[in-house]
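First comes the structure, then the notes that go with it.
The values are calculated or read from the model by the stated rules, or taken from the named source; none is laboratory data. Since the model is a prediction, treat every value here as computed from it, not as a measurement. All Cβ positions, even for glycine, are placed from backbone atoms using ideal geometry, and neighbour counts span all protein chains on display.
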Amino acid sequence: MTVSLTIENLSAHYGSTPVLKDLSISVAAGELVSLLGSSGCGKTTTLRIVAGFLEPTSGRVRLGDRDLTTLPAHARDIGLVFQNYALFPHLTVMENVAFGLKQRGIAKPDRAKRAGSMLDRVGLSHLADRLPSALSGGQKQRVALARALVIEPPLLMFDEPLSNLDAKLRVDMRVEIRQLQKANGTTSLYVTHDQEEAFSISDRVAIMNAGRIMQLDTPEVLYRKPANAFVASFVGFENLVPMKVVSRDGATVTAEAAGGARLSFSQDVFGAIKDDFVLATRADGLVARQSGEGIPATLGTRTYLGRAYQYKCVTVAGEITANGALSEPYDPGTSAVLVPVPEQCCILDPEA
Amino acid sequence: MKRFAKWGLTMPATIAVVVALVIPVLLTIATTFGEPKGAFSTYTAFFNSGFRTNILYRTLRIALITTAISLVIGFLTAYVIARMPGRLKSIAIIAAVFPLLTGVVVRSFAWLIILGKNGIVNDTLMSLGIISEPLSMLYTEGSVIVAMVYLFVPLMILTLTGVLEGVPREVVEASTSLGATPIATFFQVILPLAVPGLIVGAVLVFTGSFTSYATPQLLGGEQMMMMGTLLYQRAMVTFDWVGASTIAAIMVVITIAVVTIMSRMARRLNPMAV
């Protein structure tokens, strides 16, 4: 029953503007992959093409051994959960859930039984006879989920399903979605602009920008080892410092940032280092100290973070955010050096 | 102060309606009960006259048929318009509403020219050799219905386009994703959601055609009198003011009854209402 989804070389245009550029993803059977990106990055377009609501300019969509590319939307057998729930306002909760079964020609008693047990699973059987207008946002989204799951689709797709819910409910619902998805082993594609949501719910996340996938990997890898500057800044690497190698001595490479600050890196830690690279760190990857090998800086505003102090610093290589120990609070204007913590740093190729 | 503002602002309109409409209508109806032969004598007379009840039934029949045809034509047109892209949609709506810019008499008169003995339809059919004698299409129920449908379809299109545009795209997509064919989506989702609009449109067309005067006068003539033309004849030709008031009272009651029933149905069927 569980099959894989393969999206091959998908391109799409809105008018003459390209919105997807040669995009390929494959989602393994039973896997949940999120498409993550800001609005306009093409994530929703991808979902709508897979659903059959949009036609791609080129490329193919395959589900298991079925080629969906030219199949009409109603024949694709995909469960869809929408951002605004999209419940049928004229049908009761029970009728909403049974809708897909009815289209499949399933007899009424069987329909009621299956829709009933699905409502049970999402904990809404007591609301079966209500109209959607009498439900809260969370209840509506549960009905939408039940409606999509009850047809036992080989592929589930979610289009920002939690954006209309309040913060606490969002966390509860995403756990619930993940549990139902895992229990059914349904291959899923999940579209969101919320990084925390994507990272917490997915097996793998595709970070998208301008119609392309910038990196597709597990949340752990994305968070610790972004593949490029875009992904790095997306996952919270505040500091991207371009550097140039000035000398190599065995495994140790010395590189210079703009303004002449020199740092050395071990190729045992970072692997082979090219002549031009970008040093990417979060604030906790640079420590403000009085001595050591680092980037000379003048410390600015100090913020208390609980585990550390954070400083906005002015350096010859530009503005940098760094952390400092709680034991040594520095006042604004203090001169210091920002010393990299190798395990918190990434070395990236410069942007093309 | 707030309260005064709320009521005060509606005062001019309220006074105008009461003075110019409510009081005259009540006075008109009151005169029908003041006959020496008994309070309901004029009504008994009306319903005992085959001639007059025939006109009532004909009026009801024409109004209902006009409403039904307008619903179908209006719905199909509105469905197409609602799915058009923005610019084209505005043009289509303007085109649909364009006839409303001329008067009812002018538009009814146009059908005299089209359907007349030497009209466009007869000329065309005769020149094509399909008929040898001109058809007499005027002064039939059919000619009245055709003209009224033409008059009222724009109203229906306008009402229904709004309603159909209000059906969220995602709801249609949800239906599609659940395996409903386009036809199933139409009958199980779009049509049920449009029912309130269909009823509002039906109310507009029914009241308009039930009470019409100019169209049956021009295209129905003496043979195909409707309540409106009968009323005019009673009041202005035979000067039977009480008889005319009776007809007016019956029309008011029937119109109110139909509108009430329809708007009740609309309210019950409106799933969007909270």
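Tabulated data for the structure shown
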| read-out | value |
| --- | --- |
| Leading residue by the ranking (farthest from the other protein chains (Cβ to nearest Cβ)) among those in the range A:87-121 that are β-branched (Val, Ile, Thr) and buried (at least 22 other Cβ atoms within 10 Å of the Cβ) | A:VAL93 |
| Subset tally (residues that are more than 14 Å from B:ILE199 (Cα to Cα) and either buried (at least 23 other Cβ atoms within 10 Å of the Cβ) or among the aliphatic types (A, V, I, L, M) (or both)) for the range B:67-80 | 4 |
| Any hit, the range B:50-62, residues being crowded, with 17+ Cβ neighbours inside 10 Å, under 26 Å from the mean Cα position of the chain (by Cα), basic (Lys, Arg) and part of a helix (DSSP H, G or I) | yes |
| Number of the condition not met by A:LEU35 [criteria: (1) of a type outside the set (D, E, K, R); (2) at pLDDT 95 or above; (3) within 12 Å of A:ALA210 (Cα to Cα)] | (3) |
| Members of the range A:31-49 that are more than 15 Å from A:GLU160 (Cα to Cα) and either outside the structural domain of A:GLN179 (by TED's automatic domain parsing) or touching a Lys or Arg at 6+ places or on another chain (Cβ under 8 Å) (or both) | A:GLU31 |
| Candidates A:VAL314, A:VAL241, A:VAL269 - the one that is of a type in the set (A, V, I, L, M, F, W, C) and farther than 28 Å from A:GLN195 by Cβ | A:VAL314 |
| Residues that are within 12 Å of B:ARG52 (Cβ to Cβ) and of a type in the set (S, T, N, Q), drawn from the range B:230-265 | B:GLN233, B:THR246 |
| Candidates A:ALA134, A:ALA144, filtered to the one that is within 12 Å of chain B (Cβ to nearest Cβ) and modelled with pLDDT of 95 or more | A:ALA144 |
| Total residues in the range A:153-163, condition buried (at least 16 other Cβ atoms within 10 Å of the Cβ) and closer than 18 Å to A:LEU36 by Cβ | 7 |
| One residue from B:THR66, B:THR14 being touching a residue at least 12 places away in the same chain (Cβ under 8 Å) and out of contact with any Asp or Glu (no Cβ under 9 Å at 6 or more places or on another chain) | B:THR66 |
| Flag if B:LEU178 is touching a helix residue (DSSP H, G or I) at 6+ places or on another chain (Cβ under 6 Å), within 14 Å of chain A (Cβ to nearest Cβ) and crowded, with 23+ Cβ neighbours inside 10 Å | yes |
| Matching option when the condition is among the hydrophobic types (A, V, I, L, M, F, W, C), under 17 Å from B:LEU151 (Cβ atoms), within 16 Å of the chain's Cα centre (by Cα) and in a helix (DSSP H, G or I), among B:LEU198, B:LEU204, B:LEU218 | B:LEU204 |
